[in-house]
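Below is one structure, written out as structure tokens; comments come after it.
The values are calculated or read from the model by the stated rules, or taken from the named source; none is laboratory data. In this text, all values refer to a predicted model and were calculated from it rather than measured experimentally. Cβ coordinates were reconstructed from backbone atoms using ideal geometry, including for glycine residues, and neighbour counts include every protein chain displayed. To get the accessible areas, we keep the full protein, side chains included, count just its heavy atoms, and leave off ligands, DNA and RNA. Shrake-Rupley method; radii C 1.70, N 1.55, O 1.52, S 1.80 Å.
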Amino acid sequence: GPGAISTTIIAAQTGGFTHNAVLVVCIALVCGLLWVMLRLAHAIGPRMGTTGLNIATRLLGLLLAAIAIQTMAEGLRVLFPGLA
């Protein structure tokens with residue numbers, strides 16, 4: 001999503017060639033893992049059932065909210081250093 005793209009752009013600006021090469025490798029690994037997970041989703045979904053899918057959805061939503069709050073907190077800390 002947009003947050004991942006922004007984070008990648010910021011991370012790419014702060015490093016040299018080696019840092020950017022590692023960043024590209026990490027992106028490739030995440031893409032590969034995501035591809036495997038999406039390929040297996042049709043087989044795993046029915047086995048999890050409705051309750052399992054609801055639990056996974058809520059847990060992943062909670063994780064996404066925690067990451068969003070952490071990102072906002074870091075941004076506010078940089079914007080207002082007196083609050084930290």
Legend entry - Matching residues, the stretch 1-58, being among the basic types (Lys, Arg) and under 29 Å from residue 75 (Cα atoms): 58
Inset, instruction - Read through the list (1) at pLDDT 95 or above; (2) open to solvent by less than 90 Å² (accessible area, probe 1.4 Å), then give the number of the only condition that residue 43 fails. - result: (1)
Legend entry - Selection status of residue 53, open to solvent by 100 Å² or more (accessible area, probe 1.4 Å) and either free of Cβ contacts under 8 Å to residues at least 12 places away in the same chain or in contact with a Cys (Cβ under 6 Å, 6 or more places away or on another chain) (or both): no
Legend entry - Check on residue 68, part of a helix (DSSP H, G or I), at pLDDT below 95, surrounded by 10 or more Cβ atoms within 10 Å (Cβ to Cβ) and not basic (Lys, Arg): yes
Inset, instruction - Residue by residue through the stretch 1-26, note down the ones that are exposed (fewer than 12 other Cβ atoms within 10 Å of the Cβ) and either in a loop (DSSP other than H, G, I, E, B) or in contact with a Cys (Cβ under 7 Å, 6 or more places away or on another chain) (or both). - result: 1, 14, 16
